[in-house]
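In what follows, a single structure is set out as structure tokens and then discussed.
FYI, it's all coordinate maths here, none of it is from the lab. All of these numbers come straight from a predicted model, not from anything done at the bench. Here the Cβ positions follow ideal geometry from the backbone for every residue, glycine too, while neighbour counts run over all protein chains shown.
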Amino acid sequence: MIGIDTNVLIRFLLKDDAKQAARALRFMRDEISATTPGHISLVTLLETVWVLDSLYEFSVSDQLAVVEDLLSADTLVVAERAAVAQAVALARSKNADFQDCLVLLLDRAAGCDKTVTFDAKAAKRAGMTVLT
């Protein structure tokens, strides 16, 4: 397995730097496979979604589509795959941010009774509890 950093994934997805995008494409095409997959850590995944949202202004639906594409690639291993897939489904059903849904689901899986936040939108949409 080969770990993939956010900048490589972003270049591959967005092709926003011609030289690096070409190298990222060759890496994804030629250097990873089902037998030697690329690994997408949760940090890389969340950074990627943040970049898509904050810098490239992808809609929530488009962000979720990218995550789904990563999950469906047979040459990639996405960390916490089941939780990530559940977070995508929850985000779609609640019109919530993927990141908030993933935090909530990982906390639940760790045995947390609730997840507290100061973010009223995250509480309302993802199901977190506002800390007052």
For this session: Taking only the stretch 33-68 into account, find how many residues are of a type in the set (G, A, S), surrounded by fewer than 19 Cβ atoms within 10 Å (Cβ to Cβ) and over 12 Å from the mean Cα position of the chain (by Cα).
Result: 5
Seminar exercise, completed: Note on the stretch 76-106: residues out of contact with any helix residue (DSSP H, G or I) (no Cβ under 9 Å at 6 or more places or on another chain) and polar (S, T, N, Q) are S93
